[in-house]
1. Checking Glu188 against (1) charged (D, E, K, R); (2) under 18 Å from the mean Cα position of the chain (by Cα); (3) within 22 Å of Phe230 (Cα to Cα), which test does it fail?
2. Can you report the number of residues in segment 196-228 which are surrounded by 18 or more Cβ atoms within 10 Å (Cβ to Cβ) and either charged (D, E, K, R) or touching a residue at least 60 places away in the same chain (Cβ under 8 Å) (or both)?
3. Given (1) away from ligand 2 (no atom under 16 Å from the Cβ); (2) modelled with pLDDT under 95; (3) more than 23 Å from Phe127 (Cβ to Cβ); (4) among the small types (Gly, Ala, Ser), identify the lone condition not met by Gly214.
4. Tell me, which residue of segment 21-54 that is free of Cβ contacts under 8 Å to residues at least 60 places away in the same chain and within 30 Å of Ala125 (Cα to Cα) is nearest to ligand 2 (Cβ to nearest atom)?
5. In segment 175-195, which residues are more than 9 Å from ligand 1 (Cβ to nearest atom), crowded, with 20+ Cβ neighbours inside 10 Å and either on the phi > 0 side of the Ramachandran plot or of a type outside the set (Val, Ile, Thr) (or both)?
6. Among the candidates Ile314, Ile320, Ile293, single out the residue that is of a type outside the set (Gly, Ala, Ser), in contact (Cβ under 8 Å) with a residue 60 or more places away in the chain and away from ligand 2 (no atom under 16 Å from the Cβ).
7. Consider Phe269 carefully, then state whether it is open to solvent by less than 20 Å² (accessible area, probe 1.4 Å), aromatic (Phe, Trp, Tyr), at pLDDT below 95 and out of contact with any Cys (no Cβ under 7 Å at 6 or more places or on another chain).
8. Taking segment 229-264, which residues are open to solvent by 10 Å² or more (accessible area, probe 1.4 Å), assigned to a strand (DSSP E or B) and under 18 Å from Gly66 (Cα atoms)?
Amino acid sequence: MLADSFGRRFYYLRLSVTEVCNFSCTYCLPNGYSGPKPSAFMRRDELRRVMQVFAAEGTRKIRLTGGEPSLRADLPDIIADARQTQGIETIALTTNGYRLAESIADWQQAGLSQLNVSIDSLDPAQFKAITGHDRLRAILQGVDDSLALGLPVKINAVYMRGMNDQLGQFLAWLKTTPVTLRFIEVMEVGAQPDFYHNHHVPLSNMKQQLLLEGWQPIVRGKDAGPAQEFWHPDYAGRIGLIMPYSRDFCTTCNRLRVTAQGKLHLCLFGETGYDLRPWLQEDAQQDELTAVIQEALGHKPATHGLHEHNTGLIRDLSMIGG
Ligand code: SAM
Ligand code: SF4
């Protein structure tokens with residue numbers, strides 16, 4: 001099992017398959033994507049080797065992310081490779097939902113076991129203003145299709161002052177929709193510090209409101225990640241709160257990240273990306289690759305530096321997948 005010097009164990013890998021994205025979310029890529037071409041990102045065989053080496057070291061869950069992972073034509077093959085990787089029990093995908101309705105059956109058939117869809121507003125005009133796309137209806141259809149197929153679905157909503165901070169619209173939907181809706185605090189990123197200053201809302205107030213309205217905390221398992229989750233007897237859905245600025249957020253860290261360019265990041269906001277690519281070219285390099293990852297883990301910091309506005313290497317989260 002991969003572990004660090006603070007006793008945290010990492011059974012969960014977030015693997016980015018591309019940095020390319022077709023959306024222009026205000027908090028992420030407000031001017032759209034203008035980064036490297038798809039040829040800069042790991043090939044399918046390199047991704048397969050990343051999954052194999054992490055699985056051999058105890059990783060049990062892989063999340064495919066991006067950029068927008070569904071823009072890769074070989075995404076079903078990548079999911080199938082994850083399914084065939086010995087030791088991997090859970091294969092999750094984070095998507096903006098653009099191709100969800102047309103693709104979810106194929107992804108599930110390939111082996112997908114969990115789905116996260118980003119939906120920042122349930123109001124079509126607000127959704128378009130945030131993402132640049134008038135796609136809310138189609139994405140909600142994709143969510144319904146995914147639920148009908150029996151997939152557990154989580155919805156990610158970045159909660160932003162003056163943009164979508166109307167809890168009521170989300171609560172009404174959760175009455176009858178059996179998803180876990182996770183509100184995420186805006187995180188400061190290098191490309192646009194002003195966005196954070198203008199729109200960040202601490203979710204601690206929402207937590208108090210939910211508790212007053214009868215939402216009950218779900219006791220978290222030992223290896224649960226940093227989201228705090230709540231249920232309510234009158235609602236089909238659950239709520240999760242992701243509060244990266246809260247005290248102790250990093251103590252429950254259970255994940256490592258590999259970018260689409262093959263760099264291992266020990267923290268979302270870390271200062272270093274450890275290049276794994278030289279060791280991803282042949283299956284025979286697995287022992288060397290393991291040694292590189294083990295050595296890097298010794299440098300994992302106790303906590304991120306966001307409180308000091310130290311946002312690390314990452315310009316925006318499309319570079320690493322959130
Ligand atoms: N394109 C996919 C999507 O949007 O779901 C996957 C990649 S996206 C970078 C992963 C998650 O990061 C999304 O839920 C997005 O809302 C979140 N995210 C991006 N930038 C963020 C920021 N500055 N603060 C908080 N969350 C952010
Ligand atoms: Fe694209 Fe996801 Fe970033 Fe939105 S949050 S611009 S969908 S990578």
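The values are calculated or read from the model by the stated rules, or taken from the named source; none is laboratory data. As the structure is a prediction and not an experimental result, all values here were calculated from the model. Note that each Cβ is placed from the backbone with ideal geometry, even for glycine, and that neighbours are counted across all protein chains shown. Only protein heavy atoms, including side chains, enter the accessible area calculation; ligands, DNA and RNA are left aside. Shrake-Rupley method; radii C 1.70, N 1.55, O 1.52, S 1.80 Å.
1. Status for Glu188: all satisfied but (3).
2. 2
3. With respect to (1) away from ligand 2 (no atom under 16 Å from the Cβ); (2) modelled with pLDDT under 95; (3) more than 23 Å from Phe127 (Cβ to Cβ); (4) among the small types (Gly, Ala, Ser), Gly214 is out only on (2).
4. Asn31
5. Matches in segment 175-195: Leu181, Phe183.
6. Within the list Ile314, Ile320, Ile293, the selection yields Ile293.
7. Against the criterion (open to solvent by less than 20 Å² (accessible area, probe 1.4 Å), aromatic (Phe, Trp, Tyr), at pLDDT below 95 and out of contact with any Cys (no Cβ under 7 Å at 6 or more places or on another chain)), Phe269 qualifies.
8. Of everything in segment 229-264, those that are open to solvent by 10 Å² or more (accessible area, probe 1.4 Å), assigned to a strand (DSSP E or B) and under 18 Å from Gly66 (Cα atoms) turn out to be Arg255, Arg257, Lys263.
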